[in-house]
Amino acid sequence: EVARYLAVVHLACDTVELPEQAALLLALDVRQAVAAGDPQRALLLSEVEPAGLGGIDLARFRLARGRALRRTGRRSCAVEVLRSAAVLCEQLAAYPLASLIWRALDEIRSG
């Protein structure tokens, strides 16, 4: 259902010419791929952080990429990306999300 919704959003943004939303849509696509159990697709989509994505959206993008890296067995890369997401969350005073990410990092290190 989410994939269909995102397809409609992509079409709408293309139709009304909203290129400034491209970074946010890419971030949503990455998060959806992780949630749908397709970490390889998430990694392909997230190879480069989109320009113009900032704040909490960038932190969530990094969190999704970190989860995809972890699910594909690339633990050291996952730790690096997740750590950057947690630090960004702390800078943004998004402490609940930062805490969630730090716990995920602890799980990676202990597992």
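The values are calculated or read from the model by the stated rules, or taken from the named source; none is laboratory data. This is a predicted model, so every value here is computed, not measured. All Cβ positions, glycine included, derive from the backbone under ideal geometry; neighbour counts span all protein chains shown. Heads up: the accessible areas ignore ligands, DNA and RNA and are worked out on the full protein's heavy atoms, side chains in. Shrake-Rupley method; radii C 1.70, N 1.55, O 1.52, S 1.80 Å.
Under 25 Å from A3 (Cβ atoms) and without any contact (Cβ under 8 Å) to a residue 60 or more places away in the chain: does that describe E47? Spelling it out, E47 is indeed under 25 Å from A3 (Cβ atoms) and without any contact (Cβ under 8 Å) to a residue 60 or more places away in the chain.
Of the candidates R83, R67, the single residue that is crowded, with 17+ Cβ neighbours inside 10 Å, out of contact with any Leu (no Cβ under 6 Å at 6 or more places or on another chain) and assigned to a helix (DSSP H, G or I) is R67. Across the stretch 91-111, the qualifying residues are those that are small (G, A, S) and surrounded by 11 or more Cβ atoms within 10 Å (Cβ to Cβ), and the one among them that is farthest from G54 (Cα to Cα) is A104.
Entry remark, the stretch 7-41: residues being in a helix (DSSP H, G or I), of a type outside the set (S, T, Y), over 15 Å from R60 (Cβ atoms) and at pLDDT below 90 number 12 in total.
Here is a check on your reading of the model: is A78 touching a helix residue (DSSP H, G or I) at 6+ places or on another chain (Cβ under 8 Å), open to solvent by less than 60 Å² (accessible area, probe 1.4 Å) and at pLDDT below 95? Steps first, please.
Numbers: touching a helix residue (DSSP H, G or I) at 6+ places or on another chain (Cβ under 8 Å): yes; open to solvent by less than 60 Å² (accessible area, probe 1.4 Å): yes; at pLDDT below 95: no.
When the stated conditions are applied, A78 does not pass them.
Working only within the stretch 42-64, note down all residues that are in a helix (DSSP H, G or I) and open to solvent by less than 80 Å² (accessible area, probe 1.4 Å). Listed by number, the residues that qualify are A42, L43, L45, G55, I56, D57, L58, A59, F61, R62, L63, A64.
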